[in-house]
Amino acid sequence: MPIILWTDALVFLLVACGAAAGFYVSRREYLLASWRRVGESRAGMAALTVLAAYILIGLLDSLHYRPRLEAVAGKPANGYSSEVRSALDALLQPLKAATEKTYSAPLATHLYARETVELPDGTQARIFPRLRHGGAHLGDPAEDWAQDVAGRIVRGLALAVLAGLTFAAIAVQAAAVRWGVRWQTAWRRIRRGETHFAWNAVLVTLAGLLLLGGPVIALAGGYHVFGTDKVGQDVLYLTLKSIRTGLVIGTVTTLAMLPFAVALGIVAGYLGGWVDDVIQYLYTTLNSIPGVLLIAASVLMMQVVIDTHPDWFATSAQRADARLLALCLILGVTSWTGLCRLLRAETLKLRELEYVQAAQAFGASSVRIMGRHILPNVMHIVLIAVVMDFSGLVLAEAVLSYIGIGVDPSTISFGTMINTARLELAREPVVWWSLVAAFAFMFVLVLAANLFSDAVRDAFDPRLAGRRITLSAQGQTT
Amino acid sequence: MLVYIFRRLLYALPILVGVNLLTFTLFFVVNTPDDMARMQLGIKRVTPEAIQKWKAERGYDKPLLYNEAAEGAGKLTHTIFFEKSVKLFVFDFGRADDGRDIGHEIKTRMGPSLAIALPVFLLGLFVTVSFALMLAFFRATYLDFWGVVACVAMMSISSLFYIIGGQYLVSKIWHLVPISGYAGGLDAARFLLLPVLISVAAGIGSSTRWYRTIFLEEIGKDYVRTARAKGLSELAVLFRHVLKNAMIPILTGVVVVIPLLFMGSLIIESFFGIPGLGSYTIDAINAQDFAVVRSMVFIGSVLYIIGLLLTDLSYTLVDPRVRLQ
């Protein structure tokens, strides 16, 4: 039975909006020009490739369903399990099901802690027991382990090279057909970066992702690539599941705040007078409360509401989802003020321009002027703010989860992973893998988002046009 | 000047009233005191008497806005709104759930908070501005390029990583400073060194990049060309002209946070076990002590408004074109 959680619905709405915006932009040359500048940026396109991989995982994880219950003896199966799963869960079922007793190091074959076991001859001994799943196929781990791991890595790399070459061949062939040249020429142009779109950056990044991903996939079949956590869950599975939470926080929050920020900002700037006063008062008040405290107060209150109404939610996943959504909304409410102020200032400028005055002289209504003439001309500010906010929100989630006002503890996220893992560094030997995995995946996501947002800002910010600093422009002039 | 300050303070009043109404709505209307009592005492198996007792102990058993039972002015003053929200204006915070006086706690915890926040602020400002000046001096070279790359990488790292990694490396592996804790007097330096350095390091990336942009914007202006045309050295131009003029945008972002330094840093303080206001807030959040959270929200907004006022005043110091009226 498919089930659409609230955040899923918003994610799909966001995808639909993105597709609609893409269609809209593709019909308008003046908008396409800016996006082409984004496409020229090597760093931006490399970052976009990484982001695309994350988004793919996030989207897969947003397709939720409740599996049908197995038929119990004598009764026909007619119910659905109370467990909500996603398409990603189904894909990663081997990882999800392969739970161990407790910690185990990456690629380990034995458990992290000693256990007392009974030997066949009746005596007891304290040994490191074999893992139930990690390396279970090995006859003698001490001898076979290195060879098996090396073999899997080689196989993974070979697959990655194959996949990479196939993709590159398709891309080059498509480019050759498009440009009407032989494929060797197309390949040379791409390799030397003579194309408008930074194809070479995309291909190199993709190759890097494949070369990292191939061995991981090959190893994941027989081992816990990133080890297991305290209750024996596979850390690779947890990190992949965290991606969706991070993406949802980064995007749904912005989606939630945009209508407020845009509408109020433009209305305040265009109408002025008492409307302006009221809106300014509203955002100064909200702004004057330190963000974390406002979030804390709201989240605490929301928690009380959720806890006192357990009957609202059929499954625990739905409750956790409600909390995630509420967190997004709260973050949105606390973060719209900055964009609102920017838009107000820009609208104040635009409203004095001739084309707006001309529209007024034609008798266009205020609503029409704001919607037709002002909104399209402040969209670049909105776009820049959206992409710039994303990385900050992903980072904020981890901090908020640490303070205890983040996502539901049962939601897998970078924040909850770090929070549960931070005390493990005190163990001897050190349990470092879940922390490192969470931080590494989060770092790559945020770095890619930062680089992409820089590319977007450079392309869309008119103030930066014409005074871009490049390495080629050596010397004292800028 | 005084008239200006006085008028600004008057303007601040409606904002504080707004903050107060907002927190009142959040804490008492969205969830009634009954809900909170049930939450504190455990959702299940809670008797109405226990709820009444809990509310009476904390003074939440009064009506929200209007007390029918009381006489005269008491109709308005013997209410939750008056006792819990209006009294914040005279900095009467009442008691926390554990019975301690919040005002007293805030006074004693301000010291440690300031002891960590002030060095972080000063050192961080110094380090990032000098780093940004250096990048601006070497602009359009590989040093600048890799500097910016380093900044972007540093701002992509979670602040938790700096804390956890720093604590692990410096305290656990190298045994240089204690992992956490706090002591009064000069002894505090031992405990404060690591948190201060970590906070500064965590802030370098984004601030440096931001200051660099400001500097580069100034460097592109005409007066800089004039200064160079006079034959001034690039260093003199940078320090005497660019730095001074860039102070205005820098001050906008910096001065406003000065009063908020009193609030301390939530995460650093709780990780390093420093008994400041930040860890007080976190403890209150974890214990769901709403009285403390409410007080901190109020203090935070008061300090923020003071910060805005200080920002405007500081403009007159650095920019003679700005006149207060």
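Here are a few things to note about the model shown:
- First in segment A:132-150 and in a loop (DSSP other than H, G, I, E, B), second anywhere and open to solvent by less than 70 Å² (accessible area, probe 1.4 Å) and aromatic (F, W, Y), Cβ under 7 Å, 6 or more apart: A:G134/A:Y223; A:G135/A:Y223
- Condition met for B:M110 (in a helix (DSSP H, G or I), within 11 Å of another protein chain (Cβ to nearest Cβ) and either touching a helix residue (DSSP H, G or I) at 6+ places or on another chain (Cβ under 6 Å) or of a type in the set (S, T, Y) (or both)): no
- Yes/no for B:I250 being over 16 Å from B:V129 (Cα atoms), at pLDDT below 90 and surrounded by 13 or more Cβ atoms within 10 Å (Cβ to Cβ): no
- Residue count, segment A:401-441 (criterion: farther than 15 Å from A:L238 by Cα, open to solvent by less than 50 Å² (accessible area, probe 1.4 Å) and not in a loop (DSSP other than H, G, I, E, B)): 5
- The helices (runs of 4 or more DSSP H) located wholly in segment A:194-288 that include 1 or more residues which are at pLDDT below 90 and within 30 Å of A:R427 (Cα to Cα) occupy A:199-220.
Conditions (1) touching a Gly at 6+ places or on another chain (Cβ under 8 Å); (2) more than 9 Å from every other protein chain (Cβ to nearest Cβ); (3) of a type in the set (G, A, S); (4) buried (at least 19 other Cβ atoms within 10 Å of the Cβ), marked per residue:
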{"residue": "B:V129", "(1), (2), (3), (4)": "no, yes, no, yes"}
{"residue": "B:L135", "(1), (2), (3), (4)": "yes, yes, no, yes"}
{"residue": "B:Y142", "(1), (2), (3), (4)": "no, no, no, no"}
{"residue": "B:F145", "(1), (2), (3), (4)": "no, no, no, no"}
{"residue": "B:A150", "(1), (2), (3), (4)": "yes, yes, yes, no"}
{"residue": "B:M154", "(1), (2), (3), (4)": "yes, yes, no, no"}
{"residue": "B:I173", "(1), (2), (3), (4)": "no, yes, no, no"}
{"residue": "B:L186", "(1), (2), (3), (4)": "no, yes, no, no"}
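- Residues located in segment B:175-184, provided they are within 12 Å of another protein chain (Cβ to nearest Cβ) and within 11 Å of B:A115 (Cα to Cα): none
- Residue in segment A:350-361 that is open to solvent by less than 30 Å² (accessible area, probe 1.4 Å), part of a helix (DSSP H, G or I) and touching a Ser or Thr at 6+ places or on another chain (Cβ under 7 Å) present: no
- Residue pairs whose Cβ atoms lie under 9 Å apart, separated by 6 or more positions or on different chains, with the first residue in segment A:449-473 and at the interface with chain B (Cβ under 8 Å from one of its Cβ atoms) and part of a loop (DSSP other than H, G, I, E, B) and the second open to solvent by 60 Å² or more (accessible area, probe 1.4 Å) and at pLDDT 50 or above, are A:R467/B:E217; A:L471/B:Y142; A:L471/B:F145.
- Every residue from segment A:362-379 that is in a helix (DSSP H, G or I) and open to solvent by 40 Å² or more (accessible area, probe 1.4 Å): A:S366, A:V367, A:R368, A:R372, A:H373, A:L375, A:P376, A:N377, A:M379
- Test: residue in segment B:225-246 that is of a type outside the set (S, T, N, Q), within 13 Å of another protein chain (Cβ to nearest Cβ) and under 30 Å from B:P112 (Cβ atoms): no
- Filter result for A:V386 (open to solvent by less than 30 Å² (accessible area, probe 1.4 Å) and either more than 10 Å from chain B (Cβ to nearest Cβ) or free of Cβ contacts under 8 Å to residues at least 12 places away in the same chain (or both)): no
- Of all the criteria given as (1) under 24 Å from A:V252 (Cβ atoms); (2) of a type in the set (D, E); (3) open to solvent by 10 Å² or more (accessible area, probe 1.4 Å), the one not satisfied by A:E397 is (3).
- Pairing each residue of segment B:1-20 that is within 14 Å of chain A (Cβ to nearest Cβ) with any residue that is assigned to a loop (DSSP other than H, G, I, E, B), provided the two are 6+ apart or on different chains, yields C-beta distances under 8 Å for B:V19/A:I289.
- Residue match in segment B:282-299 (condition: open to solvent by 20 Å² or more (accessible area, probe 1.4 Å) and among the aromatic types (F, W, Y)): no
- Candidates B:G166, B:G124, filtered to the one that is under 18 Å from A:L435 (Cβ atoms), out of contact with any Phe, Trp or Tyr (no Cβ under 9 Å at 6 or more places or on another chain), in the same structural domain as B:G264 (by TED's automatic domain parsing) and in a helix (DSSP H, G or I): B:G166
- Residue in segment B:270-289 that is out of contact with any Phe, Trp or Tyr (no Cβ under 8 Å at 6 or more places or on another chain), of a type outside the set (S, T, N, Q), farther than 22 Å from A:I289 by Cα and facing chain A (nearest Cβ under 9 Å) present: yes
- Any hit, segment A:422-443, residues being of a type in the set (K, R), free of Cβ contacts under 8 Å to residues at least 24 places away in the same chain and under 30 Å from A:D276 (Cβ atoms): no
The values are calculated or read from the model by the stated rules, or taken from the named source; none is laboratory data. Computed from a prediction, not measured in an experiment: that's the story for all the values here. Heads up, the Cβs are rebuilt from the backbone with ideal geometry, glycines too, and the neighbour counts pull from every protein chain shown. Surface accessibility is based on the protein's heavy atoms, side chains included, excluding ligands, DNA and RNA. Shrake-Rupley method; radii C 1.70, N 1.55, O 1.52, S 1.80 Å.
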